[in-house]
Amino acid sequence: MQFFQGIFSHLPTLETDRLILRPMKMSDARDMYAYASDREVSRHVLWDAHTSIFQTRRFLRAAIRQYRQGLPGSFAIALKESGRMIGTIGFMWVNVDHQSAEVGYSLSRDYWNQGLMTEALRRVIAFGFDDLRLNRIEAQHDTENPASGKVMAHVGMIYEGVMRQRLKNKGRFVDVACYAILRSDPRL
C-alpha cells in the first residue's frame, strides 16, 4: 500500500492532446460549481447537484485531504488551452492484493459528445497500468446512461454484464452495467 499512497499523495499531472489531468485545488471552486450544480450532470452519479459554492469548496477540501492521506482520488480535468476545470476522473478504490481498481468520472455538459472523456479515460487507464502497475481496471454506469458505456467501450473496456439494482441513487435502486480492461487487453 505504501507504493500507492506515495503516488496518490503526490498525484502527477498527466496530459493528452487537449487536456491536462492534475490534482484538484481550491481555486477550481468556481469552475467545478459551474458544472457540479447542473442536475443533468449529477443525474446518473452518486453525488447530488451542488446547491452552493460552499458545498463545492467542501468537496474540494475533502479531495485535497484525500491526497494528503495518500488515498485513491481523482484528477481535475482541465482544458489545455484555457486551464479551465471541466470535470473529474480518477480512482474510486484500488485493491493492492489483486492489483485492481475502479475508475469514475464526470464532465461538464458543455463538453459532452466531443471525445474529451474518452481522451481522459484512455490516459488514466495508461497511468493505471504503467504507473500503478494494475492488472485490471473496471468502471460502471447506470444503465440509463448508455453514453458512459460508449466512452468505456471506445477505450477498449469490455462489457461484462449488468448487476441488477446494485446501487441506490437519489432514492431509487438502479441497475449498473460493468466494464473492465486487463493489462493484457488491447488498448484502443
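Odds and ends about this structure:
- When you restrict to C-alpha pairs under 8 Å that are six or more residues apart and normalise by the size of the stretch 2-182, the relative contact order lands at 19 percent.
- For the chain, complete DSSP H runs whose alpha carbons reach 15 Å or more along their own long axis and whose mean Kyte-Doolittle score is 0.0 or higher are 116-130.
- 10 Å binning of all Cα-Cα separations within the stretch 68-149, expressed as whole percents from 0 upward: 16, 49, 30, 5
- Spatially proximal aspartates and glutamates relative to Lys170 (Cα-Cα < 18 Å; intrachain offsets below 8 disregarded): Asp38, Glu40, Asp48, Asp142, Glu144
- Among Asp28, Asp110, Asp142, residue whose mean-square fluctuation peaks in a GNM of the chain (springs only between Cα atoms under 10 Å): Asp110
- Built from the Cα atoms of the stretch 2-182, the convex hull projects on average onto 9.8 nm², one quarter of its surface area.
Values in this text are rule-based calculations from the coordinates and carry no lab data. What you see is a predicted model; the values in this text were computed from it and never measured.
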